[in-house]
1. Among all residue pairs at least 6 apart or on different chains, which show Cβ distances below 6 Å where the first residue, located in region 93-117, is at pLDDT below 95 and the second is among the polar types (S, T, N, Q) and assigned to a strand (DSSP E or B)?
2. With the structure loaded, tell me whether residue 116 is among the small types (Gly, Ala, Ser), over 19 Å from residue 178 (Cβ atoms) and surrounded by 15 or more Cβ atoms within 10 Å (Cβ to Cβ) or whether it fails that test.
3. Output the strands (runs of 3 or more DSSP E) that fall wholly within region 41-110 and possess 1 or more residues being basic (Lys, Arg) and crowded, with 17+ Cβ neighbours inside 10 Å, or say none.
4. Within region 161-187, how many residues are more than 23 Å from residue 100 (Cβ to Cβ) and within 13 Å of the chain's Cα centre (by Cα)?
5. If a residue must be assigned to a loop (DSSP other than H, G, I, E, B), in contact with a Gly (Cβ under 8 Å, 6 or more places away or on another chain) and more than 25 Å from residue 80 (Cα to Cα), how many such residues does region 125-178 contain?
6. Only one of 64, 53 is within 30 Å of residue 136 (Cβ to Cβ) and among the charged types (D, E, K, R). Can you tell me which?
7. Restricting attention to region 108-160, report how many residues are more than 14 Å from the chain's Cα centre (by Cα), closer than 18 Å to residue 69 by Cβ and not hydroxyl-bearing (Ser, Thr, Tyr).
8. Inside region 186-195, can you point out the residues that are in contact (Cβ under 8 Å) with a residue 40 or more places away in the chain and either aliphatic (A, V, I, L, M) or surrounded by 11 or more Cβ atoms within 10 Å (Cβ to Cβ) (or both)?
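The values are calculated or read from the model by the stated rules, or taken from the named source; none is laboratory data. No experiment lies behind these values; they were computed from the predicted model shown. Cβ placement follows ideal geometry from the backbone for every residue including glycine, while neighbour counts extend to all protein chains displayed.
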Amino acid sequence: MNVHRLRGTPGFTLIELLAALLVLSLLALMAYRGLGVVMASRDRIQAESTKWRQVESFFARFARDVRLAAPRSVRSDAGTSPAWLGRPDAVQAPLLEFTRFAGTDGVDAPHRIGYGVNGAHQVELWIWPGLDLAAATPPARYVVLGDVARLSLQYLGPALTWNNAWPTAPTDPPLPLAVRMQVVFGSGEIVVRVFALRS
């Protein structure tokens, strides 16, 4: 009698246990892959967020510098440079170079600054230590934006036309009315901003 009672005891067969283990392993695999996708998405979103924060910081810096642009030319032993000098195809010099007033916060002084792209596809800020300096005085150079395939600048003249260089003629005012900047990133994204100069 005891033998019949043991055979009738409810339980799992070996096939049922193997099927349950198979289902659990499939669920674990799907969860692992899902977690991998979530982690990769999170990393991608963080990288994009960091990139666009840097882009916004760069544009804010450029806008502040442009607002403080001064209509003052600079002198050196090599001659006189205009207050605003836009070179469309500069290689060993910045694309844009101009004189900048001191900020109202009192922590900086008037100086000459420039923006250009280096060989590593980074936008650099050039800062000269003063205004009227020897031509051989090197500027400090700081990377302010990375992964830039192309940076192009245009300048709005008094005839309300965009020019690739500034000044375009000796009769041009010291400063343009506005600057249009186009940044092409290595990823193919294009951002265009227009910055008005203080009149």
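1. Going by the 6 Å Cβ cut-off, the qualifying pairs are 112/99.
2. yes
3. 96-100
4. Adding up the residues that qualify gives 4.
5. Number satisfying all stated conditions: 1.
6. Going through 64, 53 in turn, just one is within 30 Å of residue 136 (Cβ to Cβ) and among the charged types (D, E, K, R): 64.
7. 19
8. Across region 186-195, the qualifying residues are 186, 191, 193, 195.
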